[in-house]
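Visitor: For reference, the structure I am asking about is given below.
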Amino acid sequence: MPYVASIHIYPVKSLDGIAVSQAAILNSGALEGDRSFAICDEQGEFVNSKRNSGVNFIRFSFDIKTRIIGLKIQGTQEEFFFRSIENAE
């Protein structure tokens, strides 16, 4: 019998996913919190691994409760933390 072994969402497009114990399915069919954010370049274009292979070396962590994001370059010790903000729509 089929079963769900794990649920992962990817809060920032093209970065690491995080495991969650549950996720709401939106009317669009997407999981809530999945690809809510993206990194853009100076021209406003999405930064992703299709156009910039360096993205593959960025490690991402996210605390859903505190909304603290951690970013570091793979193989380094320095990690940068900041709080995500909600969209004020």
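Just so it is clear, none of the values below were taken in a lab; they were calculated from the coordinates. Owing to the predicted nature of the structure, the values given are computational and were not obtained by experimental measurement. In this analysis, Cβ positions are derived from the backbone assuming ideal geometry, glycine residues included, and neighbour counts consider all displayed protein chains.
Visitor: Taking the criterion of being free of Cβ contacts under 8 Å to residues at least 40 places away in the same chain, closer than 16 Å to Ile18 by Cβ and among the hydroxyl-bearing types (Ser, Thr, Tyr), would at least one residue in segment 43-54 satisfy it?
Guide: Applying the first criterion (free of Cβ contacts under 8 Å to residues at least 40 places away in the same chain) to segment 43-54 yields 43-54.
Filter again for closer than 16 Å to Ile18 by Cβ, leaving none.
The answer is no, given that none of the residues of segment 43-54 is free of Cβ contacts under 8 Å to residues at least 40 places away in the same chain, closer than 16 Å to Ile18 by Cβ and among the hydroxyl-bearing types (Ser, Thr, Tyr).
Visitor: Let me ask something additional. Only residues that are within 10 Å of the chain's Cα centre (by Cα) and at positive phi: list them for segment 10-41, please.
Guide: If the condition is that a residue be within 10 Å of the chain's Cα centre (by Cα) and at positive phi, then Ser14, Gly33, Arg35 are the ones that fit.
Visitor: Turning to a different aspect of this structure: Looking only at segment 21-70, how many residues end up being β-branched (Val, Ile, Thr) and in contact with a Ser or Thr (Cβ under 9 Å, 6 or more places away or on another chain)? Outline the logic, then answer.
Guide: So the first thing to find is which residues in segment 21-70 are β-branched (Val, Ile, Thr), and the list is 25, 39, 47, 55, 58, 64, 66, 68-69.
This time we only want the ones that are in contact with a Ser or Thr (Cβ under 9 Å, 6 or more places away or on another chain), so: 39, 47, 55, 58, 68-69.
Looking only at that region, the number is 6.
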